[in-house]
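Down below is the structure, laid out as structure tokens.
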Amino acid sequence: MKIYLLDTNIISEPTKFTPNEKVLQKLADNLEYSCISAVTWAEMLSGIKSLPEGKRKNGLLDYSIEYVQKQYEILSFDASAASIYSDLYERLKSQGAPAQRFDLLIASIAITNNLILVTRNVSDFTAIVENSNLMIENWFEE
């Protein structure tokens, strides 16, 4: 059973020059309970592909394909998430607090699958949390 939907800044933490040890431990402890969204997968790949050719780019591609894609289920943005997305988008827009579209897509996938979104950027999701049942954790602060 999956419990956590990992945001891009969490799943990419192991690739940092000095990764956060708490986050690495939480990733290891919760591997079987974690997944990522297709949006996060797209963000990862597009970020890597935009890098200049070289060892760093090749290493990140290897990590993504050989580790992330094989270890983590990648959840799609489906009809249920689309419905949640459209409702939240309109609600936030009417309040003058529209969320970033990628954040709202990821949050909608978490909500529709009843998962806890794990992110470092908690403030990016504040308005969504206040207007939905989105659950969030920040493994950098725990």
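Points to keep in mind about this one:
- For the stretch 34-77, filtering for residues that are more than 14 Å from the chain's Cα centre (by Cα) and aromatic (Phe, Trp, Tyr) leaves 2.
- Among the residues of the stretch 80-90, those identified as crowded, with 16+ Cβ neighbours inside 10 Å and either of a type in the set (Lys, Arg) or farther than 17 Å from Tyr4 by Cβ (or both) are Ile84, Tyr85, Leu88, Tyr89.
- Only residues that are in a helix (DSSP H, G or I), open to solvent by less than 10 Å² (accessible area, probe 1.4 Å) and of a type in the set (Ser, Thr, Tyr) were counted in the stretch 100-124, giving 1.
- Selected residue (criterion: nearest to Ser108 (Cα to Cα)) from residues of the stretch 5-50 that are of a type in the set (Asp, Glu) and outside any loop (DSSP other than H, G, I, E, B): Glu43
- The single residue among Glu66, Glu53 that is open to solvent by 60 Å² or more (accessible area, probe 1.4 Å), outside any helix (DSSP H, G or I) and of a type outside the set (S, T, N, Q) turns out to be Glu53.
- Scanning the stretch 106-124 for residues that are under 20 Å from Asp78 (Cα atoms) and free of Cβ contacts under 8 Å to residues at least 60 places away in the same chain turns up Ala107, Ser108, Ile111, Thr112, Asn114.
The values are calculated or read from the model by the stated rules, or taken from the named source; none is laboratory data. Since the structure is predicted, the reported quantities are computational estimates derived from the model, not experimental observations. For neighbour counting, all protein chains shown are included, and Cβ atoms are generated from backbone atoms with ideal geometry for every residue, glycine included. The protein model used for the area step is the full one, side chains on, heavy atoms only, and it has no ligands, DNA or RNA in it. Shrake-Rupley method; radii C 1.70, N 1.55, O 1.52, S 1.80 Å.
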